[in-house]
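In what follows, a single structure is set out as structure tokens and then discussed.
Computed from the coordinates by the stated procedures, all read-outs in this text should not be read as laboratory data. Only a predicted model underlies this, so the values are computations on that prediction, with no experimental measurement involved. Cβ sites come from the backbone with ideal geometry, for glycine too, and all protein chains shown count toward neighbours.
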Amino acid sequence: MAKVVAVANQKGGVGKTTTVVNLSSCIAALGKKVLVVDLDPQGNTTSGYGVAKHTLTSGIYPCLLGETDVREAIVKTKFNADLIPSNTELAGAGIELVSVDRREFSLRSALAPVVPLYDYIFIDCPPSLDLLTLNGLCACDTVLIPIQCEYYALEGLSELMNTLKTVRKKYNRYLDIEGVVFTMYSGRLNLTMQVVAQVKKYYGNKVYKSVIPRTVRLSEAPSFGMPINFYEPNGKGCEAYMAMAREFLAANEKD
Ligand code: ADP
Ligand code: MG
């Protein structure tokens, strides 16, 4: 059975998509069976995996409405992981899902048939705490939180923690935090050090030792439709996500 991990933070631009694409690809490269679910209507994970959005005939959206079997929506990427792409139709899902029975569990129900087929499933959540993100949080075992090392990083966190608390209480009792990862890190800045210290105080051993540095390569890889371990396998960005992938697996595969 796959472990399902939602990557969430309602702040935009903190590195959720970059982390989903590159961490999932590195974990797949280490030999695991990985499925990536793009739950953001912007579809950046879809294009980051080299899948052209305009050519898609299916995607996660009809699966959420129970109109398509996820097995028909899965795309084999050119890389090691499989993908359920997003499409712009997904933007309307928040509204359409509202009338669906057990609307918080649409994604969980949709994914159920493929959970036994993978080792890990990663869900890229949109930058909000809307019904789509709620579906991500109800479908997962754990949530992985990317944090950008900037002053406002801490502001949204208490809201996110409150949401997790509500989700645990109402929908997904065993929801746990997978970890917290620092993205776009530039270690010498005083501010960075302060944010890191505060987050560590709160999240303790949930904080990944691997940190993701700010590198231009990570920001340009998506325009080539390639995860970093294919785009620049010998660079700093790949080294960081590979180290994170190993840390992730070490935490999950110890007996
Ligand atoms: P989110 O999914 O949380 O909105 P993204 O992963 O799309 O965030 O990242 C936001 C922007 O920052 C993107 O343009 C992305 O390419 C860039 N970015 C993310 N991580 C890094 C990094 N480590 N170094 C440089 N640029 C990055
Ligand atoms: Mg994103």
Extension gain (nm, one decimal) between residue 52 and residue 165, 0.36 nm per residue minus Cα-Cα: 37.0 nm
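At a temperature of 4 °C and a viscosity of 1.567 mPa s, determine how fast the stretch 3-252 diffuses translationally according to Stokes-Einstein, using the Kirkwood radius over alpha-carbon pairs as Rh; express D in µm²/s, rounded to the nearest whole number. Numbers along the way, then the final one.
Details: Rh = 18.0 Å.
Translational diffusion coefficient: 72 µm²/s.
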Alpha carbon centroid spacing (whole Å) that separates the stretch 133-159 from the stretch 28-80: 22 Å
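DSSP beta bridges in the chain, what fraction antiparallel, as a percent rounded to 5?
Details: 2 of 27 bridges.
Close to 5 percent.
If you add up the charges near residue 229, with Lys and Arg at +1 and Asp and Glu at -1, over every other residue whose beta carbon is less than 15 angstrom from its beta carbon, what do you get? Intermediate results must be reported in sequence, preceding the final value.
Details: positive: 32, 78, 217, 236, 246; negative: 220, 232, 239.
Result for the neighbourhood of residue 229: +2.
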Burial order of peptide ranges 233-240, 106-113, 188-195 (average beta-carbon count within 10 Å, highest first): 106-113, 233-240, 188-195
Hypothetical label at residue 128: residues of the stretch 1-31 whose amide nitrogen lies under 18 Å (7 Å Cα-Cβ projection): 7-14, 16-17
Phi-based couplings in Hz for the stretch 199-215 (Karplus 6.51, -1.76, 1.60; Gly and Pro marked x): 5, 5, 4, 7, 9, x, 6, 7, 7, 5, 5, 6, 10, 9, x, 6, 9
Distance between the stretch 195-255 and the stretch 1-26 - C-alpha centres, whole angstrom: 10 Å
Those residues of the stretch 175-194 whose amide nitrogen sits under 16 Å from the label point placed on residue 155, 7 Å along Cα→Cβ: none
Stretch gain in nm, segment residue 91-residue 190, where the contour uses 0.36 nm per residue and the Cα spacing is subtracted: 31.8 nm
Diffusion constant of the stretch 162-248 at 4 °C, which comes from Stokes-Einstein with the Kirkwood Cα-pair radius and 1.567 mPa s, µm²/s: 87 µm²/s
Order by protection proxy (mean Cβ within 10 Å, highest first), peptides 219-231, 121-133, 15-27: 15-27, 121-133, 219-231
Additional length obtainable on full extension of the chain from residue 220 to residue 243, 0.36 nm per residue less Cα span: 6.2 nm
